[in-house]
Amino acid sequence: MKAPTDTVTLAHGGGGKAMRDLIDSVFTSVFQPDMMEDQARLTSDALQEPGARLAFTTDSFVVDPVEFPGGDIGKIAVCGTVNDLAVGGARPLWLSAAFIIEEGTSIALLHRIVASMKSEADAAGVRIVTGDTKVVGRGMADKVFITTSGVGVIPPGRDLAAGRIQAGDVAIVNGVLGDHGAAILAARGDMALSAEITSDCQGLGHLMEAVLAAAPNLRAARDATRGGLASCLNEMAQDSGLAIEIDEDALPLRTEVKGVCEILGLDPLYLANEGTLVLFVPEGEAEAALTAMRATPAGQGAVAIGRASAGLAGRVTMRTLFGGARIVDMLVGEQLPRIC
């Protein structure tokens, strides 16, 4: 059934026919949940394995602009939640999606966002099984905000955590750094930047399964989202009680991203990513992990960037191009707000 107007009105959040028409025409016609009840009812053979554990995560997305080179808020909502499950060793299975929509938002925009979500969910092998819709007045939101929650299953025997990292373990990233943050900055148009940068937004579930098959002693993985690689590594150093040293010359950065950072005085180590992770594996499994990652679409640019050591606990340092070393601290403040 076609929604009665081209834009969202307050009536679409009123609980009546207009709201039902919006939900049917925009959401359930695409996501196709099994039933229209107040909850999803979930079953999976994976839950029956002795020792299997549920993994559960939730996140909210408020990216500005909601559409950008390489993605949109819907794609980020699915990929971000899938990735939070995957880096913990879980196989993502189900998602919920709650929408806060501003009055006046184009229904055509909602159709594009929902189609993007469905495409990413299918690619990741997950289903969007339940959700919610709220409409707020003009100026009370910015087009649309999305909150997604995800449920996955951790197979027996998997136990990924930063506390398992050991001295000598190799740090690996699956691809270039900072693309998402730079793409969002360029898309806003505030700086009149002409750089053509596309967000790295992508799901990492299939990559993680490939790495776990090739390097079964994988210690830990984190997706380097807000705060970038630097904040991610600092968290892992603190949680492991080890030091981490990375090599500036090994960091995979696009020339365009370096240029944007130089112009604006930003540090690419702190720029957000939405399809980049860092993981630690024993040195003896590093080559196997790299080979497995490079065989997947999301890991073709995988490289080793450093290692953990028994140095000062919680400290991250970088060997610079000039042969020196500098401390890489946790991000203080926010380089770029509203990036995811």
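The values are calculated or read from the model by the stated rules, or taken from the named source; none is laboratory data. Just so you know, these numbers come straight off a predicted model, no measurement behind them. Here the Cβ positions follow ideal geometry from the backbone for every residue, glycine too, while neighbour counts run over all protein chains shown. We work out accessible area using only protein heavy atoms, side chains counted, and drop any ligands, DNA or RNA first. Shrake-Rupley method; radii C 1.70, N 1.55, O 1.52, S 1.80 Å.
Here are some notes:
- Residue satisfying condition, being farther than 25 Å from ALA298 by Cβ, at pLDDT 90 or above and either open to solvent by less than 40 Å² (accessible area, probe 1.4 Å) or in a loop (DSSP other than H, G, I, E, B) (or both), within set VAL63, VAL26: VAL26
- From ASP122, ASP132, ASP142, residue being out of contact with any helix residue (DSSP H, G or I) (no Cβ under 6 Å at 6 or more places or on another chain), open to solvent by 20 Å² or more (accessible area, probe 1.4 Å), under 21 Å from ASP59 (Cβ atoms) and without any contact (Cβ under 8 Å) to a residue 24 or more places away in the chain: ASP122
- When GLU287 is tested against the conditions (1) farther than 23 Å from ASP179 by Cβ; (2) not in a helix (DSSP H, G or I), the lone failure is (2).
Matching residues to (1) of a type in the set (Val, Ile, Thr); (2) surrounded by fewer than 22 Cβ atoms within 10 Å (Cβ to Cβ); (3) touching a Ser or Thr at 6+ places or on another chain (Cβ under 6 Å); (4) at pLDDT 90 or above:
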| residue | (1), (2), (3), (4) |
| --- | --- |
| ASP6 | no, yes, no, yes |
| GLY70 | no, yes, yes, yes |
| VAL78 | yes, no, no, yes |
| ASN83 | no, no, no, yes |
| LYS118 | no, yes, no, yes |
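- Among the residues of the range 180-224, those that are open to solvent by 40 Å² or more (accessible area, probe 1.4 Å) and under 13 Å from the mean Cα position of the chain (by Cα) comprise GLN202, ARG222.
- Positions within the range 34-60 being open to solvent by less than 40 Å² (accessible area, probe 1.4 Å) and touching a Lys or Arg at 6+ places or on another chain (Cβ under 8 Å), in sequence order: ALA46
- Test: residue in the range 259-275 that is modelled with pLDDT of 95 or more, open to solvent by 40 Å² or more (accessible area, probe 1.4 Å) and not in a helix (DSSP H, G or I): no
- The residues listed here are LEU47, LEU93; of these, the one that is of a type outside the set (Ser, Thr, Tyr), part of a strand (DSSP E or B), in contact (Cβ under 8 Å) with a residue 12 or more places away in the chain and over 24 Å from MET140 (Cα atoms) is LEU93.
- Any chance GLY306 is touching a residue at least 40 places away in the same chain (Cβ under 8 Å) and in a strand (DSSP E or B): yes
- Only one of the numbered conditions (1) without any contact (Cβ under 8 Å) to a residue 60 or more places away in the chain; (2) touching a Phe, Trp or Tyr at 6+ places or on another chain (Cβ under 6 Å) is not met by VAL62, and that is (1).
- Residue match in the range 244-258 (condition: modelled with pLDDT of 95 or more and either within 18 Å of the chain's Cα centre (by Cα) or under 27 Å from GLY157 (Cα atoms) (or both)): yes
Okay, residues lined up against (1) more than 22 Å from the chain's Cα centre (by Cα); (2) within 25 Å of ARG222 (Cβ to Cβ); (3) modelled with pLDDT of 95 or more:
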| site | (1), (2), (3) |
| --- | --- |
| ALA115 | no, no, yes |
| ASP122 | no, no, yes |
| GLY137 | yes, no, yes |
| VAL153 | no, yes, yes |
| ALA167 | yes, yes, yes |
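- For the range 314-336, a residue qualifies if it is within 19 Å of VAL278 (Cα to Cα), in a loop (DSSP other than H, G, I, E, B) and open to solvent by less than 80 Å² (accessible area, probe 1.4 Å), and the qualifying residues are GLY314, VAL328, MET330, LEU331.
- Count of the range 87-109 residues which are in contact with a Gly (Cβ under 7 Å, 6 or more places away or on another chain) and either over 24 Å from GLN39 (Cα atoms) or at pLDDT below 95 (or both): 1
- The range 236-258, residues that are surrounded by fewer than 17 Cβ atoms within 10 Å (Cβ to Cβ), in contact with a helix residue (DSSP H, G or I) (Cβ under 9 Å, 6 or more places away or on another chain) and assigned to a helix (DSSP H, G or I): GLN238, ASP239, LYS258
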